[in-house]
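FYI, it's all coordinate maths here, none of it is from the lab. Bear in mind the structure is a predicted one, so any value in this text is a computation, not a measurement. Methodologically, a virtual Cβ is constructed for each residue, glycine included, from the backbone with ideal geometry; neighbour enumeration extends over all protein chains shown.
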Amino acid sequence: MTSFSPLVTILNQNKLIGSNYVDLKRNLDIVLTVEEHKYVLTQPCLNFPSLDASPEKKQRYDCWQKSNEMAKCYILASISNVLQHQMQDVKLVSGIMLSLKEMFSEQDRSARQETMRQIYNTKMAEGAKIDGESQVDMILQSLSESFKEFKLNYNINKKIYSLSELMNELVAAEGILGTYSIDANMAETSTSQPKSKGKGVPRDQKA
């Protein structure tokens, strides 16, 4: 049985999270080149040999299939469980890489969320209004590591939530994950105006 190259640790330690697609592709290129499987990304799949095909042709077909299978294993090992379920039935690694490219080559959402992370750590002027999309981004950015699959699914499927819809989805996800409650402070972004101050209670008057 063929064992995985020690280089696979590069992929395990740098799994695809969306914003690092370029890094993942570079690491895959390194591993597949060293293992001599990279050619299946560019060369078309060989047709199944006929019964009277030459031994050389049958061997080339077997080698191509083996390289395709090994490359697929490396790729699946470098992506999340959610993506693994989506890609496990794709036969050709070239098809898997094309799908990943379509999902992650444009990092608009991830870049925007990174910007919101930086904004989140800055002070905003009192009474400043925050639009609904920014509120959603800020809440997503505030989520703990246990919600990384939820955020990945949000980016992959290009979901669009209103603030209330997002909160409902997070409550459902929280129940499935069995995690602690999300940061209640971020939920307060749904109100853009400061609360009015109540009047003080008058002191007791002397009799």
(message) So, R0 is 25 Å and r is the distance between the beta-carbons of Gln65 and Asn153; what FRET efficiency does that work out to, to 0.05?
(response) 0.20
(message) Neighbour counts of other C-beta atoms within 10 Å: give me Ser94, Ser54 arranged from fewest to most.
(response) Ser54, Ser94
(request) Please order Tyr154, Tyr161 by the number of other Cβ within 10 Å, starting at the fewest. (result) Tyr161, Tyr154
(request) Treat the count of other C-beta atoms within 10 Å as a stand-in for reagent exposure and order Thr9, Thr42 from fewest to most. (result) Thr42, Thr9
(request) Binning at 10 Å from 0, report for the stretch 9-76 what percent of all alpha-carbon pair distances ends up in each bin. (result) 19, 42, 23, 12, 3
